Amino acid sequence: MMPKRLLLRLSAAAAICAPLAACAAGEYLGLLRPSVLGQVDPEMAVLLNEHPNLDEMNEAMIGRLFATGGASRATIGADGIMRDRIRIPKDEYLWYPAILILPRGGTLELDITNEDHRPHAMFAPSNGERQAVILPAFTRGVTRVTLDQPGLYWFGCPVANHANRGMLGFVIVKGEVPPDARLDRPRQPQAGNRRPPRGHQH
């Protein structure tokens, strides 16, 4: 007779795996291997957990363009300044992380390390203006930007065609915004697919 504890574990595993197996013939079961889960670093975990808070259009855009760099949540210091770190890995044309999540508007201090043998730069938003940080090979720079309003902002590397090769990133500033400007707003009607008013005859 099967021990009760083992039976409970098998039942729990079956409950988890059943919906996965029914979806795409169990394609997702392979993701449950420890060797795969071990590759999900903290930056990717933040990105994957943040996706449900964004609407479909923004989610798809962020997922396609910036997923490889993952995401990070800025920390708030005792002085009220938010801080985060970004690095540029060697030979990857990538910000790591590529998405910075701020819990509210305010001043963000960025500590940027260029681990690449190529020169790079950061062109960052700051309350309607832009700041440039020059990053020669194997150097480090610190800058502060101010983003008072909630919203979605971008940053990139203006050197040569680096931005086109993947050196783009987002800053997501959370906070209360008007309903029609929220990233997590309900699906909006799109031109060309609006439903006709009730009683309308074709």
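The values are calculated or read from the model by the stated rules, or taken from the named source; none is laboratory data. Worth saying up front: this structure is predicted, and the values here are computed from it rather than measured. Note that each Cβ is placed from the backbone with ideal geometry, even for glycine, and that neighbours are counted across all protein chains shown.
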Task: Check on Asp116, touching a Lys or Arg at 6+ places or on another chain (Cβ under 6 Å) and not in a loop (DSSP other than H, G, I, E, B) - done: no
Open item on the list: Looking only at segment 124-140, count every residue that is touching a residue at least 24 places away in the same chain (Cβ under 8 Å), surrounded by fewer than 17 Cβ atoms within 10 Å (Cβ to Cβ) and either touching a strand residue (DSSP E or B) at 6+ places or on another chain (Cβ under 6 Å) or closer than 15 Å to Leu168 by Cα (or both) and tell me the total.
Closed with: 3
- [ ] Considering only segment 63-112, state which residues are outside any strand (DSSP E or B), modelled with pLDDT of 95 or more and aliphatic (A, V, I, L, M).
- [x] Ala74, Ala78, Ile81
Open item on the list: Checking the condition within 19 Å of the chain's Cα centre (by Cα) and surrounded by fewer than 14 Cβ atoms within 10 Å (Cβ to Cβ), which residue from Asp79, Asp91, Asp111 passes?
Closed with: Asp111
- [ ] Count, please, the residues in segment 165-185 that happen to be modelled with pLDDT under 85 and either part of a strand (DSSP E or B) or under 20 Å from the mean Cα position of the chain (by Cα) (or both).
- [x] 9
